[in-house]
Each structure stands twice: as C-alpha cells, then as structure tokens.
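Here the structure comes first, spelled out in structure tokens, and everything after it is commentary.
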Amino acid sequence: MEERKIGENLGGELKTGATSEKLTNVALKATYEEIREVYLSDNRPWVVGYSGGKDSTTALQLIWYALSKLQAEQRSKPIYVIASDTLVETPVIVNHIDLTLGRINSASKQQGLPFVAHKVRPEIADSFWVNMIGRGYPAPNGRFRWCTDRLKIQPANRFILERVAEFGEVVLVLGVRRSESAARAQVMALHKRRGQRLSRHSDLTNAWVYTPIEDWDVNDVWQYLLSAPSPWGNRNRDLVTMYRNAQAGECPLVVDKTTPSCGNSRFGCWVCTVVERDHSMEALIENGEGWMQPLLNLRDWLASTQDPTRKKNIREVRRRDGHVHMWGENDDKVIWGPYKMEVRREILRRLLRTQKLIQETNPGESFPLISEPELHEIRRIWRGEEGDWEDSVPSIFKEVYSTELKWIDDDVGGPTHLDLQVLERVCADLEVPCDLMRELIDTERQYQALARRSGIYDKIDTTLKKDWRKTEDILAAIGITRVEAAEDAP
C-alpha cells in the first residue's frame, strides 16, 4: 500500500498499513456539510491560517471543496488565507508557500470562489536581524524566546484585527488537532464549550476560532491528502516528499502564546536556536539540499553563543536600560544584557558572507537572508542608539560585497571614527567614561534641530543615571567567582 511506504519514510508518522475508520465517505460528507453550515450561519468573514504543512493544507482543502458546492450567490463572504513569513524561514518552505499562495489566488478567481491569499510579515523594526544585530538580542532559547511574539503572533494578529475593524467580527480557521499533543488538547478544551463549533479567541476581542479537523488524527490527514487532489493545482505527494526529506513536523501559524511555535523536529525558521540541533535542516541537506550547509553552519555558530561560559566575553554586563540586574538568593548572579557591539558586527559580517556564498552557488536564484531595509534600520539603531561613530554597517557591507548600497546621508554631519579617537584620548586624560560622553553628545545632536527641546533634560537625566563603570570593575565588585548566567534578557 502507498500508505505503508509513506509511513516508513516519515519515520512512522503514518502508521504502517493504517487506514482510518473515522475517515469514511459518510464522515467526510458530514465534515463538508458542517463547514458549509458554519460558513452560511452568519456574515463574519473567515481568516484561514496556512503554514504550508499537512494540517493547514487539509483544513484549507476541506473548506475549498465544501464551499465549491454552494451556489455562487451563497459564496459572498470573503475568506482570507494568511501565511506567515518571518523573513527567516527555510528557503525551501518559502518557495513552497509563495508558489502555493499564487496558485490559490489564481484558482480561486478562475473557479469563482471567495479565497484571497496574503502573506503577513513582521515590521522591519521587529525583524529577527534588526533585534539580534541592531539591538543585540541574544540567540533565542527555551527560557527567552523573544522571537515568537515579534515574528509570528504580532503580524498575524495585526491582519486579523484589521479585518475585525473592517467587519466587526471574524472567524479564524485553524488546522489544529487534539491528537497533536496533550497540551494542544488541553488548550482547545479550555476555550471551547461542549457541543459548540466556535470558540472565543484567547486574546483577540471579536475573533472566534473554528477548527474543522480537531478530531482527526495524523492518519486521517495523510489519507485525505493522498486521496483528494489539491484544488488549487499543487501535488499533495510533493508535500509528503517535503516532510520525508525534512523528517519534520509542522510549524503552525501562531496567533497566541498558547500555541506552540514549533516542536523539536520541524521545519520553520532556519535561524532557530531554541532546539539544540536543527534535525530538519540536517535532513534536508542529507537529502539533496546541500546548498543549505552554510545556513546550518551560521545557525550552529549562533547557537554556540548560548554557552554560559562565553557570556562574559560576548554579552554586556548591563541591560539595555544601562543598569546591571542581579538575581539569586543573595543577588549575586548577573542577568546578562545584549551582545557586545563587536559581536553584533561579527554576526552581520558572517550573515552577509553566508548570503553572498549562497547567491554565488545558486546563480539565478534569489535567497536574500537580510533585506536592505533591515540593513538601513540596523545602521540607524547603531548610529542613533549605540554610539557607532565608526558607521560600521556600510563598511562591513563593502568589506563583504566590494560595493556600496545607496545609504541615507546624514545631513547634520555625524561624528566620525576620527572624532571617536579624539574623544577617547580626552576622556582618558580626564578619567571620564567615554561611553557616557558619547551618549551625551549624541543626545545633543538628536535635539539640536528641534523647536522644543524640553525632552532633552529627561534624556540627559536618564543617561547620567546609568551604570558607567567598566565591565571588569562591575564584575570585580560582584565577585567574579560568583558570576553566573541567568535567564537571558536584552
């Protein structure tokens, strides 16, 4: 049987020789009828979360087939299909989703259906590289997963809330199943009353959740996908191949903090350091995607920065607010702050080198790992908030690419590397912290062209209250033998 082969290749995800007693023709017809009833029951538009994986594909395909049986005048309520692009997705998955969204829009128009596919992305200021390289956020881990909210939850919720503002209420359709995990079943049970088809969204007012495959198991999903062709022109067997090659589970659309962003074996963000090893990317490389090896190398290097023994050398002892934060029974352990500037420069350098290498080894393909708007935002943060008088971003880019981007000119004429050298000598002679003076000068520059400068006093006061001691003096005061890593925080 085809199911037997697939089950073996997917590491047993589909049980050997399994067929589902639940997924009979009668049960499938009942599912289609329920979808039609829910769709026709009110005027609330639907927002379908699509991740490109098996579960979300199944849910969307069920809805498509169900609504295609309605009369044209009954299909008046829009259905928005949204896919999340974190800007650091595995390129294989990005290509799959981009192709699919295009086919969905084309097929929907041809067949007279109300589906409209969109891709949601984080704001540039919230992107992974702007936060890590620009602001120094450390590589995410299980205790400090700062990326999920910024890259996944906020973009999806922003789209949903825009539809709420437009229509009053929406129904969010998710391809989630109780059998995925005990935690998932518990969350679904918490927000849904017995016998009800819709449940309230846990965070978003005026948003309701519909889960048409909540009672399906993984065998139902694969059986359905292998028996029902994709109505928008994909090949569902290609989806099987993608899972087999990645040896991975699904990375779902995340719309609240109760939804696990990804499991330990999944395809999703190629930079993910929450897991100890990226088995998914390793499997893709072993199965013919050798060009991804530089991505895995960079990801593993980022993961190595989580080593507690290295934090003293690569992380600031101060938090981003300029103060040292302690924890422990006797307040004798440091909560390390953001990456040091030299580490951020090295991350940018390695990232650009990796991007260049991939582009050179894949001619004709576009695999941007970091966008120009992100580079501009990182430069703005470094120049305006981090005292980067050296203006490092353009120089690092030129170092890697031997060319210049069209950078934004500083009309005021900002400080230069030579100015920094002079300031360092003066501060050393006067025994004044150079970083303090540099921040005060930057503050004056920020306010010098403003008609109202009242805010400058609060900014100066905040600057003066920061801890400007040298790192070694802070650690010596704490007792270097007692300094330990705590929960990560920038």
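The values are calculated or read from the model by the stated rules, or taken from the named source; none is laboratory data. Note that the structure is predicted; figures quoted are calculated from it, not measured. Neighbour counts are summed over all protein chains in view; Cβ atoms, including those assigned to glycine, are modelled from backbone coordinates with ideal geometry.
Residues of the stretch 135-162 that are part of a helix (DSSP H, G or I), more than 21 Å from His118 (Cβ to Cβ) and of a type in the set (Lys, Arg): none at all. Just to be sure, is Arg158 within 11 Å of the chain's Cα centre (by Cα) and over 17 Å from Tyr339 (Cβ atoms)? No. Among the criteria (1) surrounded by 14 or more Cβ atoms within 10 Å (Cβ to Cβ); (2) modelled with pLDDT of 85 or more, the one Asp458 does not fulfil is (1). Of the residues making up the stretch 443-459, none is out of contact with any helix residue (DSSP H, G or I) (no Cβ under 9 Å at 6 or more places or on another chain), without any contact (Cβ under 8 Å) to a residue 12 or more places away in the chain, at positive phi and not in a helix (DSSP H, G or I).
Restricting attention to the stretch 219-232, which residues are more than 15 Å from Leu28 (Cβ to Cβ) and surrounded by 21 or more Cβ atoms within 10 Å (Cβ to Cβ)? Once the filter is applied, which keeps residues that are more than 15 Å from Leu28 (Cβ to Cβ) and surrounded by 21 or more Cβ atoms within 10 Å (Cβ to Cβ), the stretch 219-232 yields only Trp232. With the structure loaded, tell me whether Ala59 is modelled with pLDDT of 95 or more, under 18 Å from Pro212 (Cα atoms) and in contact with a Pro (Cβ under 8 Å, 6 or more places away or on another chain) or whether it fails that test. The answer is yes for Ala59. Scanning the stretch 267-323 for residues that are hydrophobic (A, V, I, L, M, F, W, C), over 23 Å from Val240 (Cβ atoms) and in contact with a strand residue (DSSP E or B) (Cβ under 7 Å, 6 or more places away or on another chain) yields Ile314, Val317.
Per-residue answers, yes or no, for (1) surrounded by fewer than 22 Cβ atoms within 10 Å (Cβ to Cβ); (2) more than 21 Å from Ser199 (Cα to Cα):
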site	(1), (2)
Asn25	yes, yes
Leu40	yes, no
Asn43	yes, no
Gly49	no, no
Ser56	no, no
Leu60	no, no
Trp64	no, yes
Ser68	yes, yes
Ala72	yes, yes
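If you check Trp216 against the conditions, is it part of a loop (DSSP other than H, G, I, E, B), surrounded by 18 or more Cβ atoms within 10 Å (Cβ to Cβ) and modelled with pLDDT under 95? When the stated conditions are applied, Trp216 passes them. Screening the stretch 41-59 for residues that are assigned to a helix (DSSP H, G or I) and not hydroxyl-bearing (Ser, Thr, Tyr) and picking the one that is farthest from Tyr243 (Cα to Cα) gives Ala59. Within the stretch 252-261, not a single residue is at pLDDT below 90 and not in a loop (DSSP other than H, G, I, E, B). Among the residues of the stretch 417-442, those identified as in contact (Cβ under 8 Å) with a residue 24 or more places away in the chain and under 29 Å from Pro373 (Cα atoms) are His417, Asp419, Leu420, Asp435, Arg438, Glu439, Ile441, Asp442.
Residue check: Lys29 meets all listed conditions (1) assigned to a helix (DSSP H, G or I); (2) modelled with pLDDT of 95 or more; (3) surrounded by fewer than 22 Cβ atoms within 10 Å (Cβ to Cβ) but one, namely (2). Of the residues making up the stretch 286-322, just one is small (Gly, Ala, Ser), assigned to a helix (DSSP H, G or I) and surrounded by 13 or more Cβ atoms within 10 Å (Cβ to Cβ), namely Ala303. The residues of the stretch 424-454 that are in contact with a Cys (Cβ under 6 Å, 6 or more places away or on another chain) and either among the small types (Gly, Ala, Ser) or surrounded by 16 or more Cβ atoms within 10 Å (Cβ to Cβ) (or both), listed by number, are Cys427, Cys434, Met437.
This table checks each residue for (1) without any contact (Cβ under 8 Å) to a residue 40 or more places away in the chain; (2) in contact with a strand residue (DSSP E or B) (Cβ under 6 Å, 6 or more places away or on another chain); (3) closer than 26 Å to Leu23 by Cα.
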{"site": "Gly53", "(1), (2), (3)": "no, no, yes"}
{"site": "Thr57", "(1), (2), (3)": "no, no, yes"}
{"site": "Gln61", "(1), (2), (3)": "no, no, yes"}
{"site": "Leu67", "(1), (2), (3)": "no, no, yes"}
{"site": "Ala72", "(1), (2), (3)": "no, no, no"}
{"site": "Pro78", "(1), (2), (3)": "yes, no, no"}
{"site": "Val81", "(1), (2), (3)": "yes, yes, yes"}
